[in-house]
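Written out below as structure tokens is the structure these notes cover.
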Amino acid sequence: MKAGAVVAGWGAFNAALVVILSGYGGDPFEWALYSGSVMLIWLIALTFLAWQRREPGYHRGSGGEITLLVAVAAIFVGLAFIYGPWLVIFAVWPLVAAALRLRSG
Amino acid sequence: MTILTQPASAPPLVRHGLLGWLTSTDHKRIGLMTLGTALAMFFAMGALALTMRSQLAQPNGHLVSEHTYNELFTIHGSGMIYLAITPLAIGLGVYLVPLQVGAPTIAAARTTLLGYWLYVVGGLSVLSGFLTSGGAASSGWTAYTPLSDTQFSPGTGQSLWIVGTFMSAVAMILLSGAVIWTALARRAPGMTMLRIPVFTWSMVATCLMVLGAFPSLLAALGLLGLGRMAPSVFMSNIWNVGFQHLFWFYGHPVVYVMFFPFVGAVAEVLATFSGRRFFGYSATVLSLLAFAALSMSVWGHHMFTTGQATDDYYSLTSMLLIVPAGIEYFGMLGTIIGGQLVYRVPMLFALAFIPQFLVGGLTGIMVATPVIDYHMQDSYFVVAHFHYTLLAGSVFGLFAGLYFWFPKATGIMLSERLGRVHFWLMVIGTNTTFLPMFALGYEGMPRRVALYPANAGFTTLNVISSCGAAVLAVAMTVFLVNIILSAVRRVPAPPDPWRAQTLEWATTSPPPRLNFPQGQPLPEIASYAPLLDLREANT
């Protein structure tokens, strides 16, 4: 059993269930929703198969601060939906800082 | 012997102190932080439930207002699902999957850490609704329209809930992506797909469901947010029903996300404390994958009473769930029958999981039958059903796993005596709280009500249920005391205190930064129970 085949096969099982749903005359919204999910699963399977050809990298354990900065940015982006788009300005700075840290390695 | 492939380059950077933990890309630290945060959420949401049960302990209770009660059940339900049980399930995978497949690190470590932080930010956003003038969200964990629109849920509490839930859903997708990538692509030499431990298989199935279903929640929440900014969106009934489809396409698989990892944990515990390998491994693996796929196809059974779902199809697929569930039960029972059972605390929780989860599963089949669902919809029967699934099932599986892997993660043993007290209080409290709810629902008590009249005939069963909730609160306190006392006493845990079977027990307790001591060979991986193979070869 290959790893990529597990994901693709799981998507195929779901695709069969979509076909059965269409046989029962489900609403187009229902099978479009379910088909979209199957497509997503197959996309993941394809990505995995493509990635598998590359040598897996090894992460040394640095760069954890970058994720904290991105999380801080996410707070401001989220709050901007509630309190106004001007809050996005505050998300820019941590994102720039994260990008700079990422670039400097 | 298989030599573990370790990176030959520079050693990993290890920071000490609080900042070291907060910015660590070590999957074990991220896993423990996720589990710790989710346990804190679990206790907070449990406190909300206790308040609700206190309110319902007498007819026409006045402990909290009706609006506050709406906030309590909304944050209790959504907090347990989005912020407690799902992160506990996936956090367990973040900690254990790399160890079980013999990997030195998790794939996409920074993405994993970002997942944790988005989860924290999301959780704080949801809870911060309590600090706003209008209070927290109060439209239920489903946030149906028009209850959740600006007319019926004015103020920022509901908006904070939407943003927070969105972030925590993104977080779970990131964490799941990293876990499944590790299981599929970072396995040690010799660890073929059919040598992966049952727990890791349960995580693979769980992560497939997360990746397939959680984007639908993001779409649903996006629609909800759009509706609050432009109310005309929900003027069309297409989007009211569309929201329900989007929501339940996530809402059913998430229940499986919340118990699959614990089925895996129970399988590991049963095999270890029965002294034999898990029975029917291949059939169980296939049934886990089939179970997960079928779980994606049953969402419409939550919408029978809307008249907007294909009843025959969803009823059929819901019935089909019995087949993989039966195979898994067959595997669990086949493992313990004839085994040399050792009744340690993890085993007690695992054994209790079997019949209690069965009650949750069988009543699930009942409410997935349209004619019964029309009677039970929105009644306490449904509340009893999903609490048997999630508390009597998932949480018992969680505690089986926590007691089992606590020595591995911390290097110290938990008290066996306090663990037994915790277990028996949990069994008594769970069944006293939720068994009466089946009868309450059957007799017509609707869910999500803050008050019920004295002459409705609901009083006695509600009092019994509330007493059970108090016992559960004591049980959780005993668990906390056990952790604190064990941390003070610090009885050291050996690498393998249980004579377990999988690779995580082949390293120190707690494991080093790169999981396995560098240069030390891993046991040969010839099956899904390599340590048992080793013991059998030596006897």
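Quick notes on this one:
- For the stretch B:413-440, the tally of residues that are surrounded by fewer than 21 Cβ atoms within 10 Å (Cβ to Cβ), over 29 Å from B:Trp505 (Cβ atoms) and among the hydroxyl-bearing types (Ser, Thr, Tyr) stands at 1.
- Near pairs, Cβ below 9 angstrom, 6+ apart or cross-chain, from the stretch B:127-142 (on the phi > 0 side of the Ramachandran plot and without any contact (Cβ under 8 Å) to a residue 60 or more places away in the chain) to any residue that is open to solvent by 40 Å² or more (accessible area, probe 1.4 Å) and part of a helix (DSSP H, G or I): none
- Condition check for B:Phe278: more than 14 Å from chain A (Cβ to nearest Cβ) and either out of contact with any Gly (no Cβ under 8 Å at 6 or more places or on another chain) or open to solvent by less than 20 Å² (accessible area, probe 1.4 Å) (or both): yes
- Residue match in the stretch B:26-37 (condition: not hydroxyl-bearing (Ser, Thr, Tyr) and not in a helix (DSSP H, G or I)): yes
- Residue in the stretch B:42-49 that is closer than 16 Å to B:Ala171 by Cα, in contact with a Gly (Cβ under 8 Å, 6 or more places away or on another chain) and surrounded by 18 or more Cβ atoms within 10 Å (Cβ to Cβ) present: no
So that you can scan it fast, the table gives a plain yes or no per residue for (1) surrounded by 17 or more Cβ atoms within 10 Å (Cβ to Cβ); (2) at pLDDT below 90; (3) more than 7 Å from chain B (Cβ to nearest Cβ):
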{"residue": "A:Ala5", "(1), (2), (3)": "no, no, yes"}
{"residue": "A:Val18", "(1), (2), (3)": "yes, no, yes"}
{"residue": "A:Arg54", "(1), (2), (3)": "no, yes, yes"}
{"residue": "A:Gly57", "(1), (2), (3)": "no, yes, yes"}
{"residue": "A:Arg60", "(1), (2), (3)": "no, yes, no"}
{"residue": "A:Ile66", "(1), (2), (3)": "yes, yes, no"}
{"residue": "A:Val72", "(1), (2), (3)": "yes, no, yes"}
{"residue": "A:Ala80", "(1), (2), (3)": "yes, no, yes"}
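- Single unsatisfied condition, B:Leu113 versus (1) more than 8 Å from every other protein chain (Cβ to nearest Cβ); (2) farther than 24 Å from B:Thr68 by Cα; (3) open to solvent by less than 30 Å² (accessible area, probe 1.4 Å); (4) within 24 Å of the chain's Cα centre (by Cα): (1)
- Among the residues of the stretch B:189-202, the one identified as open to solvent by less than 20 Å² (accessible area, probe 1.4 Å) and either closer than 19 Å to B:Ser168 by Cβ or of a type in the set (Gly, Ala, Ser) (or both) is B:Ser202.
- Members of the stretch B:143-167 found to be in contact (Cβ under 8 Å) with a residue 12 or more places away in the chain and away from chain A (no Cβ under 11 Å), listed by number: B:Ala143, B:Tyr144, B:Thr145, B:Pro146, B:Ser148, B:Asp149, B:Thr150, B:Gln151, B:Phe152, B:Ser153, B:Pro154
- Subset of the stretch B:431-458 that is in contact with a Ser or Thr (Cβ under 7 Å, 6 or more places away or on another chain) and in a loop (DSSP other than H, G, I, E, B) - its residue that is farthest from B:Tyr380 (Cα to Cα): B:Gly444
- Criterion violated by B:Val179 - all others in (1) touching a residue at least 24 places away in the same chain (Cβ under 8 Å); (2) within 12 Å of chain A (Cβ to nearest Cβ) satisfied: (2)
- Residue among B:Thr460, B:Thr410 that alone is under 21 Å from B:Phe273 (Cβ atoms), open to solvent by 30 Å² or more (accessible area, probe 1.4 Å) and hydroxyl-bearing (Ser, Thr, Tyr): B:Thr410
Yes/no matrix, rows are residues, columns are (1) more than 29 Å from B:Ser274 (Cβ to Cβ); (2) at pLDDT below 95; (3) open to solvent by 30 Å² or more (accessible area, probe 1.4 Å); (4) assigned to a loop (DSSP other than H, G, I, E, B):
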residue	(1), (2), (3), (4)
B:Val474	yes, no, yes, no
B:Val481	yes, no, yes, no
B:Ile484	yes, no, yes, no
B:Val488	yes, no, yes, no
B:Trp498	no, no, no, yes
B:Gln501	no, no, no, yes
B:Glu504	no, no, no, no
B:Leu514	yes, yes, no, yes
B:Gln518	yes, yes, yes, yes
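- The set of residues in the stretch A:21-39 that are among the hydrophobic types (A, V, I, L, M, F, W, C), modelled with pLDDT under 95 and open to solvent by 60 Å² or more (accessible area, probe 1.4 Å) contains only A:Trp31.
- Yes/no for B:Ile90 being in contact with a Ser or Thr (Cβ under 8 Å, 6 or more places away or on another chain), part of a helix (DSSP H, G or I) and of a type in the set (Val, Ile, Thr): yes
The values are calculated or read from the model by the stated rules, or taken from the named source; none is laboratory data. Everything quoted here is computed from the prediction, not taken from an experiment. Note that each Cβ is placed from the backbone with ideal geometry, even for glycine, and that neighbours are counted across all protein chains shown. SASA here: full protein model, heavy atoms, side chains in, ligands and nucleic acids out. Shrake-Rupley method; radii C 1.70, N 1.55, O 1.52, S 1.80 Å.
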